[in-house]
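Report on the structure given below.
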Amino acid sequence: MPEFLSLDDQFNEVRIELQYLPCLEYFTCILQHDRIFIDVDERYVKQTYRNRCNVLTTNKIDVLTVPVRGYDAASPTKDILIDYNQDWIRRHLGCFKSAYGKSPFYEFYAPELIDIYHKRLPFLVDLNYELLTICLRLVGIKKEVKYNLSGDEKGVKRLVDAVSVINNQKSHKSPKYYQPVPYYQTFGNDFISNLSIVDLLFNMGPEAKSVLLRSCKY
C-alpha cells in the first residue's frame with residue numbers, strides 16, 4: 001500500500017533569525033518554505049544582518065547599522081537593546097529619503113515603515129519583527145510565521161536550520177536561496193544584487209513578489 005504523508009509531513013519548515021530590513025535572499029528563503037519559525041533565543045552575533053542592511057545610494061552601497069547597547073557574548077538576540085543615545089534614526093530615514101525619494105513607490109510605502117521608527121521600540125527583535133511584518137505584507141507574501149519555537153522542536157518535522165546561513169560575511173560567496181534577477185534601480189547602470197528589501201519595494205512596488213519568485217534558487 002502507498003504511504004500517505006500527514007499534513008505536517010508535507011510542510012517544509014525553516015528556522016531563521018530576525019534581520020534588520022533583510023536582504024532579498026532572506027525573502028527568497030521564506031518563499032521556499034511553508035512555515036517560518038523566527039528564533040529569538042539564538043545567540044546574537046555582532047556585525048551581521050541582525051542589525052544592519054545594505055541600500056544603494058548615489059554612488060555606493062551604504063551600510064545602515066542599528067546601534068545596540070552593551071551585551072554579554074552569550075546573550076540571546078531577544079535581550080539585545082537598541083542604543084538611542086546615537087542619532088541613528090535620523091541617519092537611516094535620511095538615507096532612505098535621499099536614496100529612494102524619487103523612486104516610483106517610495107511615497108506609497110515609506111510612511112508606514114517610518115511610523116515604526118517613531119515608536120522607538122526598546123528591543124532590536126521588536127523593531128526587526130515589526131518591519132519584517134510590514135515588508136511581508138507589502139510584498140504579498142502570506143506565510144505562517146511564528147515568533148519563536150518556544151524551546152519545543154520535537155513536533156516540528158522537516159525543519160531546515162537557516163540561522164546565520166544568510167549573512168554578510170566575506171566567506172559567504174554563493175547564496176543558498178537566491179539567484180540575482182535584475183530589476184530597475186534608481187542609481188547606476190550596473191545592477192547591484194541582494195540589497196535590502198526596501199530597495200526592491202521602493203523601486204518595483206507590486207512587482208516585487210514576481211522578482212523574488214524568479215530569484216528563488218531551488
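The values are calculated or read from the model by the stated rules, or taken from the named source; none is laboratory data. Keep in mind the model is a prediction, meaning the values are calculated, not measured. No Cβ is skipped: glycine too gets one built from the backbone with ideal geometry, and neighbour counts run over all protein chains shown. Note: accessible area is taken over every heavy atom of the protein model, side chains too, but ligands, DNA and RNA are not part of it. Shrake-Rupley method; radii C 1.70, N 1.55, O 1.52, S 1.80 Å.
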Over 19 Å (Cα to Cα) - which of 60/102; 60/209; 60/217 fall in this group
60/209; 60/217
In nm, give the distance between the simple-model label positions of residue 187 and residue 120, each being 7 Å from the Cα along the Cα-to-Cβ direction.
3.0
Grab the Cα-Cα distance for residue 81 and residue 176, subtract it from 0.36 nm times how many residues apart they are, and report the gain in nm with one decimal.
31.2 nm
Using +1 on the beta carbon of Lys and Arg, -1 on that of Asp and Glu, and nothing else charged, what's the dipole of the chain about the Cα centre, debye to 20?
560
Using modelled backbone amide H atoms (1.01 Å from N, in-plane), which distant-in-sequence or interchain residues come within less than 5 Å of residue 44's amide H?
75, 77
Would you please give the FRET efficiency between residue 93 and residue 147, computed as 1/(1 + (r/R0)^6) with r the Cβ-Cβ distance and R0 = 35 Å, to the nearest 0.05?
0.85
Here the relative contact order (percent) of the chain, from C-alpha pairs under 8 Å and at least 6 apart, is 34
Ranking 58, 48 from most to least accessible area with a 1.4 Å probe gives 58, 48
Which of the DSSP-defined H helices in the chain satisfy a minimum axial length of 27 Å, computed from C-alpha atoms, and a minimum mean Kyte-Doolittle hydropathy of 0.0?
none
